[in-house]
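I have placed the structure first, in the form of structure tokens, so that the comments after it can refer back to it.
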Amino acid sequence: MDTAWRDRVVQDYEISRPASTRLEFGLYTTSLIAWPAVWMDDPTPYGVLRRPGIVDIDQAVHEELMQRLAAHLSDPARAQAVVTRAVGHRERAAATLARAERALTNAPTAKAGTALAEATAAFLPVMSTHIVNWLLPEAQWMSFLARLFDDKDRARACMLALSTPAQTGHLLAAHQDVVEAALAVQGGAELASTSSGLAARIGTLYGAGTPAARAMPYEDPAQIAALVLALADSPDPEAEFRQIALARERTAKLREAWETAALLAAAGDPGAVACVRSIVTILSWACDSEERRKVLRHSYLSVVRRWCLDADRDPAAVTLPDLLTAGAAS
């Protein structure tokens, strides 16, 4: 939650995320301050840490960085390079997290701590990407599209269509996994092993809050088994997904139609065409990126919690510096 106060912008996660652990506050504030370096190779820090959870940003620095970000994203080649970089950050974070998961299962606590420190360092740029998703120059893009179409309502419809994820959202994807498990059980698969595997794959995603300090409900195979059984007992578990598939097909066609409409409206003006291509590139990536980040975030916090239990640490009290030096401290 950012608030303008005198000559500064205050980002206060104590208000916007009051149930966060000390680690979560550290992840958000550290990645917030670092986003210009992560995204634009700009060493200017985005504010200073007042205390874990609160960052103060000089208003002039904020405005200058917003202008630089808008300019940086206005070129299609730079926009694509940003997306490529962000995807690389996410893939590295996923790989290091998978290593930490394996180490937590198979290695001594000290070795698991080292792997977790690497995963923590790799995850911070992914969190900086999340920060930038909230700072995208959408008001400028909306004004540009309104001028392009000479119609604010069409501009709004275009922005909405371009901001629709192309990939299945994380909750729908998780639910599809549950439906597939129910179909497997209907076909004779063993419930306990099916539910155990499902809990490991998607258990961190279901339920209110995060898995930072306590397990999510469906990390418990017994609870997810009840969900699988309820779906297995229904006459047609896949019915809702046929409807969802049709809706997603309509949405994809609408997104493509609005992209084409914007490019046609910009035809003859190379600058306008470049702007449209940049907007399409960033928006199509941004909405999918948030879905993938949420999955990584919950998986990461779950691994941290389990490592804390093995290392006799309090997951609600562990901090980001603790995790970045976890191997040395174990």
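The values are calculated or read from the model by the stated rules, or taken from the named source; none is laboratory data. Worth saying up front: this structure is predicted, and the values here are computed from it rather than measured. Heads up, the Cβs are rebuilt from the backbone with ideal geometry, glycines too, and the neighbour counts pull from every protein chain shown.
Would you please name the residue that is nearest to residue 22 (Cα to Cα), looking only at residues in the range 201-229 that are without any contact (Cβ under 8 Å) to a residue 12 or more places away in the chain and either among the aliphatic types (A, V, I, L, M) or in contact with a Lys or Arg (Cβ under 6 Å, 6 or more places away or on another chain) (or both)?
Among those residues, the one meeting the criterion is 208.
Evaluate the range 170-180: report whether one residue or more is under 24 Å from residue 298 (Cα atoms), touching a helix residue (DSSP H, G or I) at 6+ places or on another chain (Cβ under 6 Å) and at pLDDT 90 or above.
no
Answer yes or no: is there a residue in the range 260-280 that is among the hydroxyl-bearing types (Ser, Thr, Tyr) and more than 26 Å from the chain's Cα centre (by Cα).
The initial filter retains those residues of the range 260-280 that are among the hydroxyl-bearing types (Ser, Thr, Tyr), namely 260, 278.
Remaining after also requiring more than 26 Å from the chain's Cα centre (by Cα): 260.
Scanning the range 260-280, I find at least one residue that is among the hydroxyl-bearing types (Ser, Thr, Tyr) and more than 26 Å from the chain's Cα centre (by Cα), so the answer is yes.
Give the number of residues within the range 243-266 that are in contact (Cβ under 8 Å) with a residue 60 or more places away in the chain and under 22 Å from residue 176 (Cα atoms).
4
What is the residue count in the range 20-40 for residues that are surrounded by 22 or more Cβ atoms within 10 Å (Cβ to Cβ), over 15 Å from residue 213 (Cα atoms) and in contact with a Pro (Cβ under 7 Å, 6 or more places away or on another chain)?
So the count comes out to 1.
Whether any residue in the range 108-118 is within 19 Å of residue 277 (Cα to Cα), over 24 Å from the mean Cα position of the chain (by Cα) and among the polar types (S, T, N, Q) is what I want to check. Even if it seems obvious, please write down each step before you answer.
Just the residues of the range 108-118 that are within 19 Å of residue 277 (Cα to Cα), to begin with: none.
No, every residue in the range 108-118 fails to be within 19 Å of residue 277 (Cα to Cα), over 24 Å from the mean Cα position of the chain (by Cα) and among the polar types (S, T, N, Q).
Can you name the residue in the range 59-107 that is loosely packed, with under 15 Cβ neighbours inside 10 Å and among the hydroxyl-bearing types (Ser, Thr, Tyr) and is also nearest to residue 275 (Cα to Cα) among such residues?
My answer is 84.
Quick check on residue 120: is it hydroxyl-bearing (Ser, Thr, Tyr), surrounded by 15 or more Cβ atoms within 10 Å (Cβ to Cβ), touching a residue at least 40 places away in the same chain (Cβ under 8 Å) and not in a helix (DSSP H, G or I)?
no
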